[in-house]
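What follows draws every value from the coordinates through simple rules; no lab data is involved. Since this is a predicted model, take the numbers as computed values, not measurements. Quick reminder, even Gly has a Cβ in these numbers, built from the backbone with ideal geometry, and neighbours come from all protein chains shown.
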Amino acid sequence: METCPRREISLRKVNAMRVKITLPSLQQAKAYLEAGERRNPGGWVAHSVHVAEAAAAIAARHPRLDPQAARVLGLLHDIGRREGLTGMRHVLDGYRFLLREGFPDAARICLTHSFPIPDVYAGSSEWDCTPEELHFVQDYLDRTTFDEYDRLFQLCDSLALPTGFCLLEKRWVDVLIRYENFNRFTIPKWKAIFRIKSDFENTIGCSVYQLLPGVVENTFGF
Ligand SMILES: [Fe+2]
């Protein structure tokens, strides 16, 4: 068993009460990501690092989010990719991995970040799991009321390519070209992400793009 330095942060609101959640330390999150990269090298690792940076930058301006927690959660949101080249089952693999490691709140982000629309078929690629597993994910989404961390990663997942930060629309087209999975949820999902972006911008008082160094260059390929 790997040693897991833990950090308790009082930040999740449940029934108007702030409760403590336990996350891996930043050092442990980086170690998980590096181990995942050794198992399955790919663009998902650099994407995760940029998602973490975007989330931390937004959280630093947000009154109810913790930047270090955001960075840790961002590094781990796609950790299910450690299991290999998979479709949507990476969200379930990530959830199970972090649950086994004792981090249910980080595990939660693995499952929720892909579903601004809480329907299993709103994911970006095909499902590659059993009907029972699919039912589990839908049930989990049905039982979960998204909080600001869930929404933060539903947004930030679309703000980063492996090469750096980008316009939301660039990431969406990149994903569509790779997975060819346009369906009845695609447009509602994009609209939901636009709403999340707008809500965060109203709270932090600026455009999220102002917080992302190199976003113009990376989006337009300068
Ligand atoms: Fe991601």
Which entries of Lys20/Lys197; Lys30/Lys191; Lys30/Lys197 show an alpha-carbon separation above 30 angstrom in the structure shown? Lys30/Lys191
Per-residue Cβ contact counts at 10 Å, fewest first, order Glu217, Glu132 as Glu132, Glu217
Extension reserve of the Asp199-Glu217 stretch, reckoned as 0.36 nm per residue once the Cα distance is removed: 3.9 nm
Rounded to the nearest 20 debye, what is the charge dipole size of the stretch 120-222 about its Cα centre when +1 sits on each Lys and Arg Cβ and -1 on each Asp and Glu Cβ? 440 debye
Is the chain rounded, prolate or oblate when judged by the Cα gyration tensor, a ≥ b ≥ c being the square roots of its eigenvalues, rounded requiring a/c under 1.5 and prolate requiring a/b larger than b/c? rounded
With +1 on the Cβ of every Lys and Arg and -1 on the Cβ of every Asp and Glu, and nothing else charged, how large is the dipole of the stretch 21-220 about its Cα centre, in debye rounded to the nearest 20? 260 debye
Beyond 19 Å, how much of the Cα-Cα pair distribution for the stretch 83-152 remains, as a whole percent? 26 percent
For Cα pairs less than 8 Å apart in space and 6+ apart in sequence, what is the mean separation divided by the residue count of the stretch 21-220, i.e. the relative contact order in percent? 23 percent
Between Leu176 and Thr144, what length comes free when the chain is fully extended (0.36 nm per residue of separation minus the Cα-Cα distance, one decimal in nm)? 8.9 nm
Show me the ranking of peptides 48-61, 165-178 by mean Cβ neighbours inside 10 Å, starting with the highest. 48-61, 165-178
Show that you can apply the helix-only estimate: for the chain, add -39,500 (n - 2.57) for every DSSP H stretch of four or more residues, divide by all residues, and state [θ] at 222 nm to the nearest 500. -17000 deg cm²/dmol
Roughly how many nanometres apart are two label points built 7 Å out from the Cα toward the Cβ at Cys206 and Ala46? 2.6 nm
So if each residue of separation counts as 0.36 nm, and I subtract the Cα-Cα distance between Arg39 and Leu26, what length gain in nm does that give? 2.7 nm
Report the net charge of residues surrounding Ala55, where surrounding means a beta-carbon distance below 12 angstrom and charges are Lys +1, Arg +1, Asp -1, Glu -1. -2
Rounded, prolate or oblate: pick one for the stretch 137-189, where a ≥ b ≥ c are the square roots of the eigenvalues of its C-alpha gyration tensor, a/c under 1.5 means rounded, and failing that, prolate if a/b is larger than b/c, else oblate. oblate
Given axes a ≥ b ≥ c from the Cα gyration tensor, I'd like to know whether the stretch 43-122 is rounded (a/c under 1.5), prolate (a/b larger than b/c) or oblate. prolate
Given the options Gln27, Gln154, Gln138, state which has the largest fluctuation in a GNM of the chain using a 10 Å cut-off (strictly under) for Cα springs. Gln27
